[in-house]
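K.L.:
I have a structure I would like to understand better, so I am pasting it below and will then ask my questions one at a time.
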Amino acid sequence: MSFSRRDFVRTSFLGTLAAGAGLRAQGESASEYLVEHPAEVAQNDDAQSGSYKRPIIICAHNGFNYLDDAFAFLKSGGDTLDAALRVVQGPENDPNDTSVGLGGLPNEEGVVELDACCMHGPTRRAGSVGAVRNIKNVSLVSKAVFDHTGHVMLVGEGAERFAVAVGFPRENLLTDHSRKIWLLWKEYHSNSDWWGPGLADPHWQPPSDAPQPPEKAKPQSELWQERYRGLEEHAAALGIAPEDRADAIHKVLFPPTGTIHCSALNGKGEISGCTTTSGLAYKLPGRCGDSPIIGAGCYTDQDVGSAGATGSGEENIKIAGAHTIIENMRHGMSPHEAGMDALKRVGRIYSGDMNKLRFVDMTYYILRKDGAYAGVSLWEGYRAGHPHMIAVHDGAKRSEVTTPLFKGFSQDFPPEPKVPDEVRKEYLK
Ligand code: ASP
């Protein structure tokens, strides 16, 4: 990278100003939510480009438990992409992580479909797979695409057949746990279809939230309690263990998101990244999010750095988030500034309309090739007490809260009627 310190400061300042002004001008209310002075964090943003090199791995928080092994591998001379893949294979192999790989929540038809991509900085290669069924380690399959073919992206059945051809085992990715949550989701949404108990079932009752004559209308909190109890009964009937019911109900009412991105840099300044996910729970079959899109869910440029994303994939594709961040850094922004600019671009998709943006969320994981890094997100977290986090290992393993663009918490999508506070306290802790 060749830019002077003065260019660096001026470019970053103008870029940030222009982006911020755009958002404010288009949506007056948005400015109230902007964090004017984001905590300047221990995110090592001020490391000057090229001043030193060090091994470091950053990732989404569900990779935390796998960082020690990957960091030791990286320090002992292991390849940067192989190190990142070691991290993301952890959640891919974990049946209890319902957002990635084995045990991921399925699409609306009950089939797990996985997306992944990766980029190897030193050789400038990229691979990607989308909507893959029956293969657990799709991150490794995305690497196999560039190891074994002249292509960059394979999807669906073709990607699955390719994976089997190069030696990946076919396996059933739908765990009993995820299958039951999916069934509960089907039944919850079955007022207007044929899933769930029918009229002939002796216990059938009209749904409590069906339209009622005004004299029979019940207060919201009562309706919610009935709805929740109904879900509990369904969960019990499906054989979901009592201790798992609250979590299952939460995943039905508020379909979770989750993905893992990881970027790794070694002492020689080589850098790589990868992202893998089961995507949105209950998505339409064939839907690909941002995770397999090179330049959206992940982008690595050996000259600049590596970035990846978790969150609202549809929005991130529209702004080519990871690539935007890398280009921002190429033109002099720090990791933090580059990520904030990308988040403001997400805000501009909806012209700063907070009625829509509260249903959107994004977290970016950003690593510059000199070891400077940042974790930034659109909102503070999904709900109070659950902030967005980034996991880091550079000799010391730690979790850090990301810097949000907006104060407050994003809302789940599709929107559910507001849960009354007393119900949330009692049931949805
Ligand atoms: N970005 C992922 C997708 O859209 C989901 C997520 O990160 O939670 O598939």
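No value in this document is a laboratory result; all are computed from the given coordinates. Remember, it's a predicted structure, so these values are computed and weren't measured experimentally. In this analysis, Cβ positions are derived from the backbone assuming ideal geometry, glycine residues included, and neighbour counts consider all displayed protein chains.
K.L.:
List the pairs from LYS180/LYS356; LYS136/LYS283; LYS251/LYS318 whose alpha-carbon separation is above 23 Å, in the order I gave them.
P.N.:
Flagged as over cut-off: LYS180/LYS356; LYS251/LYS318.
K.L.:
Using θ = phi - 60° and the Karplus curve 6.51 cos²θ - 1.76 cosθ + 1.60, what whole-Hz ³J(HN,Hα) does each residue of segment 389-405 get, with Gly and Pro shown as x?
P.N.:
Coupling constants for segment 389-405: 10, 10, 9, 9, 9, 9, x, 10, 8, 7, 10, 10, 6, 6, 8, x, 7 Hz.
K.L.:
So how far, in whole Å, is the C-alpha centre of segment 359-408 from the one of segment 263-338?
P.N.:
After rounding, the separation between the Cα centres reads 14 Å.
K.L.:
Which residues' amide hydrogens lie under 5 Å from the amide hydrogen of VAL360, considering only partners 5 or more residues apart or on another chain, with H built in the peptide plane?
P.N.:
HN-HN under 5 Å from VAL360: GLN411.
K.L.:
Per-residue HN-Hα couplings for segment 316-331, Karplus 6.51 cos²θ - 1.76 cosθ + 1.60 at θ = phi - 60°, whole Hz, x for Gly and Pro?
P.N.:
Per residue, the Karplus-derived 3J(HN,Hα) values read 5, 4, 5, 10, 6, x, 5, 5, 4, 5, 5, 5, 4, 5, 4, 8 Hz.
K.L.:
Continuing with this model, one more query. Kindly rank 89-102, 141-154, 308-321, 163-176 from highest to lowest mean number of other beta carbons found within 10 Å of each residue.
P.N.:
In descending order of packing, they fall as 308-321, 89-102, 141-154, 163-176.
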